[in-house]
Amino acid sequence: MSLWSRLANVFRSDGLRREIDEELASHIEEAVGQGRDPVEVRRAFGSPLRLREASMDIRHFGWLDSLRADAVFGWRQIRKTKVMSATAILSLALALGACTAAFRLIDGLFLRPLPVAHPEQLYALSREGYIQDGKPSVSEWWGNADFRRMRAAVKGTAELIGISGAERMDLTYRSDREMERAELQYVSGWMFQSFALRPALGRLLTEDDDLKPLAHPYVVLSYEYWTRRFGRDPKVIGRTLTIGRKYGIGSDLFQIIGVVADGFTGTEPGKTPDMFIPTMMSALLTRPEAGWLRTFVRMEPGVAQEPVRDRMTAVFRASKEGVIDTNDRLRQTLLMASAAAGVSGMQKDFGLPLTALGLLVTLVLLVACANVANLMLAQAAARAREMALRVSIGAGRGRLVQLVLVESAMLALLAAAGAALFAGWAAPFVVGRIHPADNPARLPLPGDWRVFGFGLALTLGVTVLFGLAPALRASAVRPSSALKGGDDPQSRHRLMHLLIAVQAAFCFVALFGAGLFVTTFDRLSHRSTGFSSERLVHLDALAEHAEPEAFWDRVTARLRRVPGVEAAALADWPLLGGGWGYHNISVNGSHPTDEQIAWFLNVSPGWVDTMNIPLLDGRDFRAKDISPVAGVGTGAAIVNIAFARKYLSGANPIGRWFEARSTGYWPDMRFQVVGLVRDATYRFLREPVLPVVYIPFHRTNDDGTLQARVEGTFVVRTTDPDPLALAPILSQEITRVLPGSRIRGIRTQNEIIESQTVRERLLAMLALFFAVVVLALAGIGLYGVLDYSVFQRQREIGIRMALGAQAGDLVRRVTQDVFSMVLLGATAGVGFSMASVRYIETLLYGVKPADAAVLGLPLIAIPVAAVIAALPALTRAVRTDPIHVLRAE
């Protein structure tokens with residue numbers, strides 16, 4: 001017979017049996033019709049059952065038919081035990097879905113190769129020993145001059161590709177003056193050709209577009225942005241757009257020349273650039289010391305890394321252009337790391353959190369498997385007589401293992417269907433909360449063969465993990481013992497009790513981790529900032545042209561007169577808002593070291609009062625105070641306590657002088673301290689207090705005239721508890737005084753602070769959610785074991801009650817073994833948790849493992865859950881009717 005016919009016969013076994021029986025009957029009738037004795041004919045043919053089975057083995061696949069039969073029987077068992085099956089499926093669906101969602105995140109951020117030709121040939125170039133923020137670190141950013149020299153040095157053996165970080169920028173189209181935001185990225189003109197990318201429309205950038213500064217103001221759109229913004233309109237080619245000079249762009253008018261093919265999402269996982277611009281269009285070209293390009297090295301086939309890296313190292317160390325004394329190149333070492341999956345800041349920020357999340361969902365999976373294994377062990381014990389009968393009529397051990405594993409596989413497959421739905425929702429949900437809503441992470445999460453393969457492997461692994469032990473136990477049944485009442489009940493309980501201990505240990509670890517992350521989030525979000533964030537709103541304004549300082553002062557004065565405004569001032573950026581700038585500090589002419597730095601912020605008079613930062617000594621800025629230009633005049637400065645303590649020996653700083661020395665592109669300036677304020681957080685909530693210098697908002701030019709400005713942040717404190725309610729009026733007042741200006745963004749100070757805790761909030765939320773899931777699963781497993789124990793010991797309980805045993809004694813006997821395993825597992829969980837803390841210390845803030853808030857969660861939750869899970873079984877035990885039980889026996 002053909003393969004397809006045999007395969008089809010597997011699914012029509014009943015019809016095939018009838019056909020074979022009819023065929024046998026026709027042969028017998030034919031022989032009888034020829035005059036032979038019917039008894040002799042039947043004896044000659046032999047056993048009809050044996051003939052039928054032999055014939056069926058020829059006409060179909062026997063092993064496949066046994067699987068089909070087991071699947072039918074397994075489905076009947078699942079329908080028969082609806083509560084147990086539903087519990088198992090839901091437990092596994094949540095665990096499998098969580099693991100698959102975690103894999104999608106980890107795969108999208110760290111494992112998925114870039115959609116370019118031969119991503120395995122890509123390496124990211126960085127340098128170790130670079131001095132940043134006064135400390136040695138590893139830097140992945142390079143200046144254009146160094147990049148060009150190293151590219152020329154390795155020509156023929158490797159290709160260097162420069163790509164800036166993707167930044168969210170404001171832009172307008174010439175035919176649409178309404179401002180919008182998009183992700184922009186500078187790239188080497190030869191990037192598209194090197195990556196073997198093709199245009200979906202128009203043309204892509206070439207090397208000729210990236211040779212001369214400011215010569216080719218071209219833009220290539222991403223396919224996703226072209227679809228989202230223009231609806232795939234082919235007339236987009238040739239359209240122009242304006243991007244402000246404030247972003248360091250050398251030209252403000254650009255022309256769209258093409259759209260890159262679908263599928264290319266950039267080289268920075270977590271960000272998807274909307275448009276690509278040649279690196280030669282950046283104004284940062286005039287600052288050779290500024291590092292702003294990531295350097296990708298594409299190795300030629302067969303070329304070793306070491307010679308290429310050594311050649312680039314020699315060129316880098318020999319260069320003197322743009323070199324800063326504090327970054328001695330001889331102390332720096334060049335590193336090359338695989339960039340097959342891209343390079344991004346999100347990989348660094350969320351590498352450890354995703355690892356912690358992966359371990360947490362693994363705990364959920366293991367607890368779910370232990371839970372289902374316990375339920376199936378209990379079911380297998382209840383089916384011991386059935387298995388004994390199967391063995392008695394000839395079923396082999398392998399056949400019984402197959403029967404139970406097929407049922408386990410059906411549970412896992414049903415759970416996998418629910419897991420797919422959960423993972424499809426959960427992964428985008430997590431990505432959507434990684435960054436603030438106004439600048440969300442953009443991480444492609446395709447449901448392709450990689451995700452399918454992982455899910456399939458996980459489902460098969462889970463089937464073996466929770467189904468093998470019940471299958472082996474069922475296959476080891478001894479018919480004589482099972483049919484007489486079974487083996488010693490205690491032997492059946494050992495494996496189930498061991499799984500309870502494992503669940504308790506995992507449960508403690510999950511709850512302990514949740515306690516760490518929840519406490520971290522709570523303490524970080526309630527950290528004192530040194531200023532009042534209530535009723536404070538920031539309006540980022542962008543003028544159409546650079547405006548004299550008088551216009552900015554006029555706007556501030558107008559805002560102060562708006563009803564509902566308590567105070568208003570100007571600053572370069574909000575505290576904790578993402579902006580920063582620093583200088584090396586010199587006192588009394590001393591030469592500053594790498595660690596002698598302070599952080600600067602330009603603010604207007606009244607800013608200190610608006611922020612509610614206490615002025616401890618001296619005075620606030622006055623209208624005539626300005627920030628000096630390099631080497632010309634002196635300026636006033638207000639310093640915080642940390643600055644006075646570090647650089648002025650903690651003495652009264654009023655009247656003291658200091659210099660802000662160049663860190664590469666900042667000018668040297670001389671300041672006199674006129675005020676002392678309390679410490680306030682500057683960049684990040686997690687940072688210790690930094691030495692901060694506040695200097696006047698207005699600056700001078702080289703000729704001593706006041707510098708016109710194109711942007712500024714208005715800081716407004718309102719009397720209304722909701723400062724955003726006044727934002728529309730404030731925006732109108734700003735645009736009324738500054739015609740053509742635009743409000744780029746409106747943020748309350750509380751929103752800014754909350755954006756600093758996005759990662760901690762996400763970790764706390766997920767950890768607490770999965771800890772509750774683990775606790776619930778462990779409780780279900782404990783309930784199943786106790787319920788099974790009470791069922792198996794009904795006769796013993798009935799006898800004890802007939803002899804006068806009290807309820808307390810029964811409860812102790814039923815629970816002592818199980819609760820002792822819970823205690824043992826929790827103790828093991830304590831040790832494992834304490835030993836694991838050091839691996840996640842960088843994720844924690846202001847919390848220790850022994851804190852009551854951390855240990856209290858598992859120490860309270862586990863006993864409470866155990867008692868709640870035990871109550872139904874204990875109630876059943878103490879309500880046992882001894883007469884009914886003994887009569888049944």
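The values are calculated or read from the model by the stated rules, or taken from the named source; none is laboratory data. Bear in mind the structure is a predicted one, so any value in this text is a computation, not a measurement. Cβ sites come from the backbone with ideal geometry, for glycine too, and all protein chains shown count toward neighbours. In case anyone asks, the SASA skips ligands and DNA or RNA and just uses the protein heavy atoms, side chains included. Shrake-Rupley method; radii C 1.70, N 1.55, O 1.52, S 1.80 Å.
Here His216 clears all of (1) modelled with pLDDT of 95 or more; (2) closer than 24 Å to Ala290 by Cα; (3) not small (Gly, Ala, Ser) except the condition numbered (1).
Could you please give the count of residues in the stretch 848-864 that are within 19 Å of Ile500 (Cα to Cα), exposed (fewer than 15 other Cβ atoms within 10 Å of the Cβ) and either at pLDDT below 85 or of a type outside the set (Val, Ile, Thr) (or both)?
Residues of the stretch 848-864 that are within 19 Å of Ile500 (Cα to Cα), as a first pass: 858-864.
Then keep just the ones that are exposed (fewer than 15 other Cβ atoms within 10 Å of the Cβ); that gives 860, 863-864.
Next, only the ones that are either at pLDDT below 85 or of a type outside the set (Val, Ile, Thr) (or both) stay: 863.
Total meeting the criteria: 1.
Taking the conditions (1) open to solvent by less than 60 Å² (accessible area, probe 1.4 Å); (2) modelled with pLDDT of 75 or more; (3) among the β-branched types (Val, Ile, Thr) in turn, Val464 satisfies each one other than (1).
Of all the numbered requirements in (1) in a helix (DSSP H, G or I); (2) surrounded by fewer than 19 Cβ atoms within 10 Å (Cβ to Cβ), Ile780 misses one, and that requirement is (2).
A single entry from Leu844, Leu857, Leu874 fulfils the requirement of being touching a helix residue (DSSP H, G or I) at 6+ places or on another chain (Cβ under 6 Å) and closer than 21 Å to Ala378 by Cβ: Leu874.
Taking the stretch 216-228, which residues are crowded, with 17+ Cβ neighbours inside 10 Å and not in a loop (DSSP other than H, G, I, E, B)?
Going residue by residue through the stretch 216-228, those that are crowded, with 17+ Cβ neighbours inside 10 Å are 216-226.
Tyr218, Val219, Val220, Leu221, Tyr223, Glu224, Tyr225, Trp226, listed by residue number.
Quick check on this structure: which one of Ala546, Ala469, Ala474 is open to solvent by less than 20 Å² (accessible area, probe 1.4 Å) and either at pLDDT 75 or above or at negative phi (or both)? Result of the check over Ala546, Ala469, Ala474: Ala474. Criterion applied to Leu536, Leu576 was being at pLDDT 95 or above, open to solvent by less than 10 Å² (accessible area, probe 1.4 Å) and not charged (D, E, K, R), and the one residue passing it is Leu536.
When only residues in the stretch 836-847 that are part of a helix (DSSP H, G or I) and open to solvent by less than 60 Å² (accessible area, probe 1.4 Å) count, which is farthest from Leu524 (Cα to Cα)? First the steps, then the outcome.
Pass one, the stretch 836-847, residues part of a helix (DSSP H, G or I): 836-843.
The next check asks that each one be open to solvent by less than 60 Å² (accessible area, probe 1.4 Å); those that pass are 836-837, 840, 843.
Values: Ser836: 22, Val837: 18, Ile840: 16, Leu843: 11 Å.
So the residue we want is Ser836.
Within the stretch 666-698, being of a type in the set (Asp, Glu) and touching a helix residue (DSSP H, G or I) at 6+ places or on another chain (Cβ under 7 Å) holds for one residue alone: Asp679. Leu197 satisfies every condition listed in (1) within 25 Å of Arg442 (Cβ to Cβ); (2) part of a loop (DSSP other than H, G, I, E, B); (3) over 31 Å from the mean Cα position of the chain (by Cα) except (3). Screening Val818 on (1) of a type in the set (A, V, I, L, M, F, W, C); (2) under 19 Å from Pro872 (Cβ atoms); (3) not in a helix (DSSP H, G or I) shows it passes everything except condition (3). Checking the structure you have, find out if any residue of the stretch 788-798 is out of contact with any Ser or Thr (no Cβ under 7 Å at 6 or more places or on another chain), part of a helix (DSSP H, G or I), of a type outside the set (Asp, Glu) and open to solvent by 70 Å² or more (accessible area, probe 1.4 Å). Yes, the stretch 788-798 contains at least one residue that is out of contact with any Ser or Thr (no Cβ under 7 Å at 6 or more places or on another chain), part of a helix (DSSP H, G or I), of a type outside the set (Asp, Glu) and open to solvent by 70 Å² or more (accessible area, probe 1.4 Å). Per this entry, Ile131 is not counted among residues that are modelled with pLDDT of 80 or more and under 32 Å from the mean Cα position of the chain (by Cα). Restricting attention to the stretch 119-144, the residues that are under 15 Å from Thr313 (Cα atoms) and free of Cβ contacts under 8 Å to residues at least 60 places away in the same chain total 0. Checked against (1) under 30 Å from Arg742 (Cα atoms); (2) of a type in the set (Lys, Arg); (3) part of a helix (DSSP H, G or I); (4) over 28 Å from the mean Cα position of the chain (by Cα), Arg232 passes all but condition (3).
Could you check, for the stretch 577-586, whether at least one of its residues is in contact with a helix residue (DSSP H, G or I) (Cβ under 8 Å, 6 or more places away or on another chain) and either more than 20 Å from Pro696 (Cβ to Cβ) or not assigned by TED's automatic domain parsing to the domain that holds Phe643 (or both)?
No - not one qualifying residue is present in the stretch 577-586.
Taking strands (runs of 3 or more DSSP E) that fall entirely within the stretch 667-754, which contain at least 1 residues that are buried (at least 20 other Cβ atoms within 10 Å of the Cβ) and without any contact (Cβ under 8 Å) to a residue 60 or more places away in the chain?
Working: elements: 669-677, 692-696, 709-718, 742-748.
The strands (runs of 3 or more DSSP E) meeting that bar are 669-677.
The number of residues in the stretch 528-566 that are among the aliphatic types (A, V, I, L, M) and under 30 Å from Tyr647 (Cβ atoms) comes to 1.
Just one of (1) at pLDDT 70 or above; (2) over 20 Å from Ala98 (Cβ atoms); (3) within 35 Å of the chain's Cα centre (by Cα) trips up Asp438, so point out which. Failing condition for Asp438: (1).
Residues are listed down the side, and each one gets a yes or a no for (1) modelled with pLDDT of 90 or more; (2) under 25 Å from the mean Cα position of the chain (by Cα); (3) of a type in the set (A, V, I, L, M, F, W, C):
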site	(1), (2), (3)
Trp226	yes, no, yes
Thr240	yes, no, no
Tyr247	no, no, no
Thr279	yes, no, no
Pro288	no, no, no
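Within the stretch 285-300, the set of residues being of a type outside the set (Asp, Glu) and farther than 16 Å from Glu140 by Cβ comprises Leu285, Thr286, Arg287, Pro288, Arg298, Met299.
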